[in-house]
1. Starting with the highest mean, order 385-393, 322-330 by the number of other Cβ atoms within 10 Å, averaged over the residues of each peptide.
2. State the answer as a single residue: which of Gly186, Gln121, Ser143 lies farthest towards the positive end of the charge dipole of the range 82-214, with beta carbon charges of +1 for Lys and Arg and -1 for Asp and Glu, about the Cα centre.
3. Show His499, His506, His568 ordered by accessible area, largest first, where the area counts protein heavy atoms only and the probe is 1.4 Å.
4. For Asp202 and Ala256, compute 0.36 nm times the residue count separating them, minus their Cα-Cα distance, and round to one decimal in nm.
5. Using each residue's phi in the range 417-425, evaluate 6.51 cos²θ - 1.76 cosθ + 1.60 at θ = phi - 60° and report the 3J(HN,Hα) Karplus result to the nearest Hz, with x for Gly and Pro.
6. Mind jotting down the distance between the C-alpha centroids of the range 44-110 and the range 265-308, whole Å?
7. Can you work out the FRET efficiency for the pair Asn608 and Glu434, with r the C-beta to C-beta distance and R0 = 22 Å, to the nearest 0.05?
8. Could you list the chymotrypsin sites (Phe, Trp or Tyr not before Pro) in the range 595-638 that lie in coil according to DSSP, counting only those with at most 12 other Cβ atoms within 10 Å of their Cβ?
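The values are calculated or read from the model by the stated rules, or taken from the named source; none is laboratory data. Since the structure is predicted, the reported quantities are computational estimates derived from the model, not experimental observations. Don't worry about glycine lacking a Cβ; one is built from the backbone with ideal geometry, like all the others, and counts go over all protein chains shown. These area figures cover heavy atoms from the full protein model, side chains too; ligands, DNA and RNA do not enter into them. Shrake-Rupley method; radii C 1.70, N 1.55, O 1.52, S 1.80 Å.
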Amino acid sequence: MSAVPETPAAPSRPTVTEREARQVAEAAREQDWRKPSFAKELFLGRFRPDLIHPHPLPADEDVRRGEEFLAKLRDFCETRVDGALIEREARIPDEVINGLKELGALGMKIDIKYGGLGLTQVYYNKALALVGSASPAIGALLSAHQSIGVPQPLKIFGTREQKETFLPRCARTDISAFLLTEPDVGSDPARLATTAVPEGDDYVLDGVKLWTTNGVVADLLVVMARVPRSEGHRGGITAFVVEADSEGVTVENRNAFMGLRGLENGVTRFHRVRVPASHRIGEEGQGLKIALTTLNTGRLSLPAMCVGAGKWCLKIAREWSAEREQWGKPVALHEAVGSKIAFIAAATFALEAVVDLSSQMADEDRNDIRIEAALAKLYGSEMAWLMADELVQIRGGRGFETADSLRARGERAVPAEQMLRDLRINRIFEGSTEIMHLLIAREAVDAHLSVAGDLIDPDKSLGDKARAGASAGAFYARWLPRLVAGPGQLPGSYGEFKHGIDLSPHLRYVERTSRKLARSTFYAMSRWQGRMETKQGFLGRIVDIGAELFAMSAACVRAELLRSRGDHGREAYQLADAFCHQARLRVEELFGRLWSNTDDLDRKVVKNVLGGSYTWLEDGVIDPSDDGPWIADATPGPSTRENARRPIR
């Protein structure tokens with residue numbers, strides 16, 4: 001093996017074509033569907049309520065342990081967490097983090113045999129919603145540590161020795177972080193530049209990672225790096241567990257953001273960092289697959305905290321709108337404000353239904369929930385942002401005013417503007433809304449690509465296309481007739497959801513609309529074929545329709561569960577009914593925009609913008625930005641900056 005030079009030369013960042021980038025992403029996908037998926041079937045026009053109804057429930061012992069921990073966590077948050085202080089000082093106090101360690105909060109999802117609490121996904125998410133309402137920064141710290149940090153990938157892909165070595169530390173003392181993004185690499189990992197060069201029994205890491213949530217305080221890191229192909233090494237993007245205090249690891253900056261001010265997020269440089277081969281997770285080249293598989297359930301933590309945000313928005317909207325009077329009556333009774341409150345209430349109910357259903361399916365492991373989890377993340381981040389925005393509008397000028405300012409002049413310190421700022425990142429974290437649209441769309445059309453992929457692939461031979469054509473013809477001959485009629489056209493279908501308030505029409509709508517969605521997707525593939533992947537506006541609307549249908553289904557199933565248990569059943573039916581009516585309006589608008597939109601015109605305008613045709617429109621303003629580079633230099637080498645790492649002890 002060749003030696004690694006003392007000072008690496010300037011890197012040759014991988015140059016990849018659009019097609020090569022897609023091939024890397026495709027290779028990282030979980031290719032097979034070995035278990036049923038409610039959401040996948042929904043996109044194919046097959047409404048399968050049997051996969052979600054009756055609503056799955058946790059075991060009694062899981063409930064007991066989960067509720068016991070929630071009670072302890074609530075007491076801790078109420079007595080030891082000062083969210084306003086964290087916001088002012090932009091830092092979670094060490095004593096709070098140490099208190100969370102003592103409580104076992106670092107090990108909520110870690111198996112009891114490794115010193116963790118062994119909570120289910122359902123109760124882990126309930127805990128994140130609770131602690132995130134006290135301080136979103138704490139919620140982000142715990143989520144990044146357990147959902148995408150060291151514990152989750154080791155749980156799925158780690159060796160017995162790795163689990164025994166690292167999981168007890170993660171359960172009680174050590175904070176972990178996940179490092180994938182680089183200054184010039186976001187959602188295109190094919191261009192990943194951080195390298196891990198084999199040298200003896202070690203790998204030597206060089207590179208720079210950006211936006212390392214928990215990276216400033218982390219003890220353990222999951223690092224994605226590219227192993228060069230060589231004799232005995234297949235190479236490719238690979239995952240490693242790295243000790244954060246290793247020689248050559250430098251946190252060069254603690255980043256600051258518009259929200260989540262207590263977030264310990266930084267820039268981390270690796271210079272000739274030696275990592276034992278025994279710390280590699282999985283095989284060489286499996287890094288992206290490990291990351292995507294980890295996110296299948298890891299993504300559920302973010303919408304769980306969005307549920308907590310929705311509940312808080314509802315509480316404040318209710319209390320304020322009953323107190324504030326305008327023109328002789330509470331503002332809640334004015335339709336313009338009341339409609340906003342109704343939206344917040346219905347959306348919160350539906351979002352909790354989506355998260356709880358997806359989480360319980362994850363715990364049962366009977367279904368493949370990769371699409372459900374992705375939809376929960378997409379839908380949760382978008383709906384929570386809208387709810388917080390509506391709350392600020394309901395509060396008026398007080399919604400725009402900071403909690404400290406409100407307190408200083410003698411009013412209740414309601415941090416509505418902070419909630420808006422804190423929630424904004426969720427539309428970017430763990431896959432932006434735009435990337436989630438593409439990711440979900442790829443999974444949603446998987447069945448089509450499986451039978452017709454070669455037919456629309458320009459690089460395939462005529463023989464391959466002929467075989468694909470025959471296969472596709474057989475598939476569509478069976479599939480298309482099933483999209484013509486279904487239970488959604490029968491008035492008595494889903495009658496078990498009629499109890500005073502009748503939810504069965506909504507489920508019949510979901511069934512009919514699922515078939516319409518599948519027909520629209522088929523028509524689009526027939527029309528655009530290989531160009532389908534470029535129609536991102538169309539694909540985004542297809543996914544958004546599927547998200548609304550999934551949420552409608554989850555809301556109805558949850559309402560029936562609560563009714564059957566005598567737990568606010570009538571009120572739950574009211575909320576589910578309201579949500580479904582609201583969602584149906586959004587779905588019809590989205591269908592209208594599938595074929596009547598400005599996508600083509602927008603593309604022309606964008607080309608002109610980039611070509612400089614409209615620079616005259618920018619006249620008359622001053623740009624307050626400085627003249628620094630758009631993307632910071634990430635050339636490997638020794639750090640020239642002071643280490644900003646701050647371990648919690």
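1. 385-393, 322-330
2. Gln121
3. Working: His499 75, His506 5, His568 130 Å².
From most accessible down to least: His568, His499, His506.
4. Values: separation 54, 0.36 × 54 = 19.44 nm, distance 3.44 nm.
Taking 0.36 nm per residue and subtracting the Cα distance, the gain is 16.0 nm.
5. For the range 417-425, the Karplus-derived couplings read 5, 5, 4, 4, 5, 5, 6, 4, 5 Hz, x marking Gly and Pro.
6. 21 Å
7. 0.55
8. Sites meeting the loop and neighbour criteria: Tyr614, Trp630.
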